[in-house]
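Here's the structure, in structure tokens; my notes come after.
The values are calculated or read from the model by the stated rules, or taken from the named source; none is laboratory data. What you see is a predicted model; the values in this text were computed from it and never measured. Heads up, the Cβs are rebuilt from the backbone with ideal geometry, glycines too, and the neighbour counts pull from every protein chain shown.
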Amino acid sequence: MSRTPSPTSVIRVVAVMGATATGKSDLGIDLALAFDGEIVSMDSRQTYRGLDIGTGKVGLAQRGRLPHHLLDILAPTESGSAGRHAALAEAAVRAIAARGHTPFLVGGTGLYFRAFFGGLVPVTIPRDDLARIRRGFAGRATRDLHEELSRVDPGRAAALSPNDRVRVTRALEMIAYTGTPVTGLYAGGRQGPAGMTFLKLVLTLPRALLRERIAERTRALFAAGWVDEVRRLLTSGLDAGAPAMNSLGYAEIARAIREGADPEECVERVITLTRQYAKRQETFFRREPDAVWIDVSRGDAAAQVHARVAHFLGTGGAQ
């Protein structure tokens, strides 16, 4: 049953975060159904139209059960940003609360959560300075740029894939212009959205089990037609260098197709890269203040989460 919010009431927001393959989407849906909620996606790859199988995007049948926001909002040729997503997420959360429903932020893109919670300092680089800085990156391999980022800002580099040229270069641009590591720009950033309080849940699994789940999930995505999805994107005219195609797995499959190799042989490579990415995700979320970590391998995990959410929504504080 929907609640009628008071114009001055605090908006209670539940965030379901964690590494890939920890079950965030399923738990988010379960919680939203139980607590009269709507889901706001906090996954940078699920914002892209056409990237469905490889991103593990919630299907239309599940979306029909309850509203999902910020899925499919970008063309594959567009570049997303944490700041823009935070603004859209804030608008979605306020609209959900105005309907008397509970907002659930669900996803694994740590930087998007950080921006929403108020941990980013907006930096605008003048056009001439940006052009000058970018000239210094021209012709350099993405992995070379990532290695440079590792030297000047190890924290930010650890949160990014060595193949993610867009975000790696963006970080280097900000460092070159401000003279400050990007991780330093997070500290003491802008205030979070006014009138909101958060319950931050981070789902986790024992390392061995997470590695196994990632392997199972990746093989299932390939079996579900991931390679065909990438082929459709490429045959539609999408350039292999488009921002969306830098996504984990998509870049490897596209490269195999382009080079005439068997893309099915990418499976083990993608499993390895996904495990590395999951490790970076957990490292990032461990720096999130006031987060409650939930080991979802425990038999009482679901009941524990439900109890915490019920307490938070009923009294305004997590247990």
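Every test in (1) within 26 Å of Val270 (Cβ to Cβ); (2) assigned to a helix (DSSP H, G or I) is passed by Tyr177 save one, and that test is (1). The single residue among Leu71, Leu60, Leu33 that is free of Cβ contacts under 8 Å to residues at least 40 places away in the same chain, over 28 Å from Ala240 (Cβ atoms) and not small (Gly, Ala, Ser) turns out to be Leu33. Evaluation of Arg156 against the conditions (1) under 24 Å from the mean Cα position of the chain (by Cα); (2) at pLDDT 85 or above; (3) not aromatic (Phe, Trp, Tyr) shows that the sole unmet condition is (2). Counted as qualifying within the range 54-153 are the helices (runs of 4 or more DSSP H) with 3 or more residues that are in contact with a strand residue (DSSP E or B) (Cβ under 9 Å, 6 or more places away or on another chain), namely 82-98, 110-117. Picking from residues in the range 41-65 that are of a type in the set (Val, Ile, Thr) and out of contact with any Phe, Trp or Tyr (no Cβ under 7 Å at 6 or more places or on another chain), the one that is farthest from Leu105 (Cα to Cα) is Thr55. The sole residue among Arg213, Arg140 that is out of contact with any helix residue (DSSP H, G or I) (no Cβ under 8 Å at 6 or more places or on another chain) and outside the structural domain of Asp300 (by TED's automatic domain parsing) is Arg140. Selection of first residues in the range 128-146 that are surrounded by 13 or more Cβ atoms within 10 Å (Cβ to Cβ) and of second residues that are at pLDDT 90 or above and aliphatic (A, V, I, L, M), restricted to Cβ pairs under 6 Å at least 6 apart or on distinct chains, gives the following pairs, ordered by first then second residue: Leu145/Val168; His146/Val168.
Restricting attention to the range 259-275, the residues that are touching a residue at least 12 places away in the same chain (Cβ under 8 Å) and either loosely packed, with under 14 Cβ neighbours inside 10 Å or not assigned by TED's automatic domain parsing to the domain that holds Ala240 (or both) total 1. Mind listing whichever residues of the range 84-100 are free of Cβ contacts under 8 Å to residues at least 40 places away in the same chain and either farther than 21 Å from Arg165 by Cα or within 13 Å of the chain's Cα centre (by Cα) (or both)? If the condition is that a residue be free of Cβ contacts under 8 Å to residues at least 40 places away in the same chain and either farther than 21 Å from Arg165 by Cα or within 13 Å of the chain's Cα centre (by Cα) (or both), then Ala86, Ala87, Leu88, Ala91, Ala95 are the ones that fit.
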